[in-house]
């Protein structure tokens, strides 16, 4: 038997230990390959989609590569520690350290080659289904399966270099010392777990401060959270697992009436030992799971914004013309013509917005005629509003502004026209996007509006607002493209004559937003799947690292008369905290982070993301329960299996 055959048979003999490592590696390669297939797809010619897919896929592949490198390092360290006794026997039989390192290098590369080939094969098999999903998301006519060397070359090159790095550095993870130390393996005497009460209390304080800041954050302090929360959460979580939990467990052990009851003595004592060995692993699982929850939660909140976009932007098209706009009538004729050509029904209302100075605030105030608003409201099926002469209504710029002005009453005089008004109450209908007419706007009846218009100069016309109410607003993405290009060109060019109009097409904006957010969510879900699988695999690796010790413990308990039912109770009390406690902490981290995220969305668009974030957390919880029972079943079957 050659040396390479020996390495190959070693991999086959340890296939049970390497199973989760192999599955996670295959899944990472598959996701990376699918991203590469979309990145190099020849049918994506649209510049906007090309930029989004390239940016999203590029960042996702970089994150995936870095995380996979870290994940494989950790996994390989756990495997080599579990095989320390085997390495001790090989060294005792005369194998040189250099040969042992070569053996590990060959075994790791064999696993790497198998993972790469399997992942690429499965990824290519699912490429057509992947393209069907992407095609439905981005709404492009065709996204066929193609064959090119680029995605294959990128995936093979990236992961071959990754496994080569791991294979070269992996021998560092072998326990240093004498051969006798390696032969002891996991039976080595464990030292007493030491912890610091100060660090334990400090960890709780850090987490409490982070949760408090996240729960009571305001719009003015939201920016500081980006610098304070990550270090607070990271260090607080680390001290919580390394010092706070041992402090709590030792306090429970001192409660004799609780500790000496039933099988709690075995469970708590074993939990203390497991915590000593796995505190850092719990910390890693918590942080990785939090990142997975947050990435999917943030992307789900983006899709929530897309789904509520119509509520934020009730109009189908918006054209704002400022004085001396020579294109006004030409552009309006073009928009109406294009709408009629595409057979889209619409209602267009022209609103003249006047500008006056208020004696109450000494600030400029925009004025809208109630008759124009009633005409626009009628197109939405709303009832007309009546307003007596000498009275006015606030036209709030946002929902939060409407709440502030609801019970406010102001008596003011329009300085330019000498018209006195009693401004009381808020216009009840939301007909415009936020800040469309202005931050300070009031509504007058037709008599007061005409009086103001008669007594002012032509310079007091702020702008003319054309509001198009279109039922099939999502079909307007091809309307007014030349006008939109003219606006963008005016913004980009440093022209002496500024553009005297503004144009907004919510249908076009929504198509870009929905396509971008949906594609990012899909990318994030696959990436979170890798994080989720890896975080569960961390616990799986630690369980199998101590498998021989657990088998001996089970044999002793069985000889003293413990039943299978009692054994499952002990296993549950040991596995449930190990499995669910890190995820529980990450759930709490994510929940408080989502509170801050809701504040951000309130400031940006005043939308609620509670539904989407609740579904994200519930989805992860269901998958976690399934994952737990799968690993528990495999663990118990291996514990009861006879040793070979």
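Remarks
- Residue match in segment 175-197 (condition: assigned to a helix (DSSP H, G or I), at pLDDT 75 or above and not assigned by TED's automatic domain parsing to the domain that holds residue 116): yes
- Per the listing 422, 403, the residue uniquely more than 22 Å from residue 328 (Cα to Cα), under 36 Å from the mean Cα position of the chain (by Cα) and not in a loop (DSSP other than H, G, I, E, B) is 403.
- Applying the criterion of being surrounded by fewer than 15 Cβ atoms within 10 Å (Cβ to Cβ), in contact with a strand residue (DSSP E or B) (Cβ under 9 Å, 6 or more places away or on another chain) and free of Cβ contacts under 8 Å to residues at least 24 places away in the same chain to the residues of segment 404-414, the residue that is farthest from residue 441 (Cα to Cα) is 407.
- When 519, 488 are screened for being touching a helix residue (DSSP H, G or I) at 6+ places or on another chain (Cβ under 6 Å) and either at pLDDT below 85 or more than 30 Å from residue 412 (Cβ to Cβ) (or both), only 519 passes.
- Residue satisfying condition, being assigned by TED's automatic domain parsing to the domain that holds residue 479, part of a loop (DSSP other than H, G, I, E, B) and buried (at least 16 other Cβ atoms within 10 Å of the Cβ), within set 344, 354: 344
- Test: residue in segment 447-461 that is under 19 Å from residue 346 (Cβ atoms) and in a strand (DSSP E or B): no
- Test: residue in segment 431-445 that is more than 24 Å from residue 312 (Cα to Cα) and not in a helix (DSSP H, G or I): yes
- Among the criteria (1) buried (at least 18 other Cβ atoms within 10 Å of the Cβ); (2) touching a strand residue (DSSP E or B) at 6+ places or on another chain (Cβ under 6 Å); (3) outside any strand (DSSP E or B); (4) modelled with pLDDT under 90, the one residue 417 does not fulfil is (2).
- Scan of segment 100-153 for residues that are surrounded by fewer than 19 Cβ atoms within 10 Å (Cβ to Cβ) and either assigned by TED's automatic domain parsing to the domain that holds residue 474 or part of a loop (DSSP other than H, G, I, E, B) (or both), ordered by number: 126, 139, 140, 141, 142, 144, 145, 146, 147, 148
- Residue 437 modelled with pLDDT of 85 or more, closer than 22 Å to residue 394 by Cβ and buried (at least 21 other Cβ atoms within 10 Å of the Cβ): yes
The values are calculated or read from the model by the stated rules, or taken from the named source; none is laboratory data. Source: prediction; values computed, not measured. FYI the Cβ positions are ideal-geometry reconstructions off the backbone, even for glycines, and counts take in every protein chain you see.
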